[in-house]
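Right, one structure below, let's go through it.
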Amino acid sequence: MYFRSRAEAGRQLADRLDKYKAQNIVVLALDESSAIVASQVAMRLHANLLLYVVKNIYLPGETEALAALSSTGTYTTNDYFSGGELEDLSTEYHNYIDQKRMEANHELHMVLGQDGEIDKKLLRHRVVIVVSDGLSSGFSFQACANFLKTVSIKKVVAATPLASVPAIDKLHLLSDEICCLSVVPNYMHTNHYYDDNTVPNMDQVLKIMRNITLNWERAKQK
């Protein structure tokens with residue numbers, strides 16, 4: 001399945017998620033490009049939109065991320081690697097990994113600042129709809145799911161226009177419900193499935209988040 005834009009994909013996802021409209025929910029975007037998709041869902045469902053950003057940590061010569069550090073400080077190792085492999089790599093590259101974690105933490109702080117912090121009180125006892133623009137492996141969702149385990153939430157819904165077969169397998173383990181428009185057997189880069197690959201910068205994303213909250217609050221008051 002192909003889409004003209006992420007906004008179009010978000011509107012199609014919102015149609016599938018309409019049953020959650022005006023319920024006690026929060027929409028959580030996994031990165032800047034996913035925020036475009038998530039904004040359409042949040043507007044339709046009259047929900048707050050939050051941003052959960054991760055920075056992947058790669059070892060030299062590896063194409064698969066070893067781990068990820070999130071904007072909330074959660075550090076998640078990739079289950080693509082076995083426990084023995086993770087232990088060996090963590091020992092061999094201990095100093096390198098520590099350095100990359102510090103760099104990732106600094107970058108997240110510089111990019112997001114205090115506006116990027118997620119208040120757990122906004123998530124507690126709510127249905128959390130985690131939105132991505134496309135999941136090639138599901139690792140970003142895994143990192144987010146690990147964070148959500150620390151919060152007393154009602155339900156986790158994974159929502160994405162596109163996902164690979166391995167990613168869907170992972171979502172079945174990590175979420176309570178999956179809303180996926182297309183499962184792609186031979187998944188290519190996510191941008192391949194969109195005609196328009198314009199992605200907002202972080203300042204634009206934060207503005208979108210603030211405007212959504214204002215707009216649906218006004219709608220509730222009418």
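Points worth noting:
- Summed over the stretch 146-156, the residues that are in contact with a helix residue (DSSP H, G or I) (Cβ under 8 Å, 6 or more places away or on another chain) and surrounded by fewer than 20 Cβ atoms within 10 Å (Cβ to Cβ) give a count of 2.
- Filtering the stretch 166-189 to residues that are within 17 Å of VAL41 (Cβ to Cβ) and of a type in the set (S, T, N, Q) leaves SER175, SER182.
- The set of residues in the stretch 122-166 being within 15 Å of VAL54 (Cβ to Cβ) and part of a helix (DSSP H, G or I) consists of PHE139, SER140, PHE141, GLN142, ALA143, CYS144, ALA145, ASN146, PHE147, LEU148.
- Tally, over the stretch 54-82, of residues that are small (Gly, Ala, Ser), touching a residue at least 40 places away in the same chain (Cβ under 8 Å), farther than 27 Å from TYR20 by Cβ and part of a strand (DSSP E or B): 1
- Residue satisfying all of: in the stretch 7-29; among the hydrophobic types (A, V, I, L, M, F, W, C) and in a loop (DSSP other than H, G, I, E, B); surrounded by the fewest Cβ atoms within 10 Å (Cβ to Cβ) among these: ALA22
- In the stretch 5-64, the residues that are more than 12 Å from CYS179 (Cβ to Cβ), aromatic (Phe, Trp, Tyr) and at pLDDT 90 or above: TYR58
- Failed item in (1) β-branched (Val, Ile, Thr); (2) at pLDDT below 95; (3) assigned by TED's automatic domain parsing to the domain that holds LEU45; (4) surrounded by 18 or more Cβ atoms within 10 Å (Cβ to Cβ), with VAL184 passing the rest: (2)
- Test result for ALA35, assigned by TED's automatic domain parsing to the domain that holds VAL128 and either surrounded by fewer than 22 Cβ atoms within 10 Å (Cβ to Cβ) or touching a strand residue (DSSP E or B) at 6+ places or on another chain (Cβ under 6 Å) (or both): yes
- Hits in the stretch 30-53 (condition: part of a loop (DSSP other than H, G, I, E, B) and either of a type in the set (D, E, K, R) or at negative phi (or both)): LEU30, ASP31, ALA47, TYR52, VAL53
- Evaluation of ALA104 against (1) outside the structural domain of GLU177 (by TED's automatic domain parsing); (2) surrounded by fewer than 18 Cβ atoms within 10 Å (Cβ to Cβ); (3) aliphatic (A, V, I, L, M) (one fails), failing number: (2)
- Any hit, the stretch 116-133, residues being under 28 Å from VAL184 (Cβ atoms), in contact (Cβ under 8 Å) with a residue 24 or more places away in the chain, acidic (Asp, Glu) and in the same structural domain as SER164 (by TED's automatic domain parsing): yes
The values are calculated or read from the model by the stated rules, or taken from the named source; none is laboratory data. Remember, predicted model here, so these are calculated numbers, not experimental data. Glycine also receives a Cβ, built like all others from the backbone with ideal geometry; neighbour counts cover every protein chain displayed.
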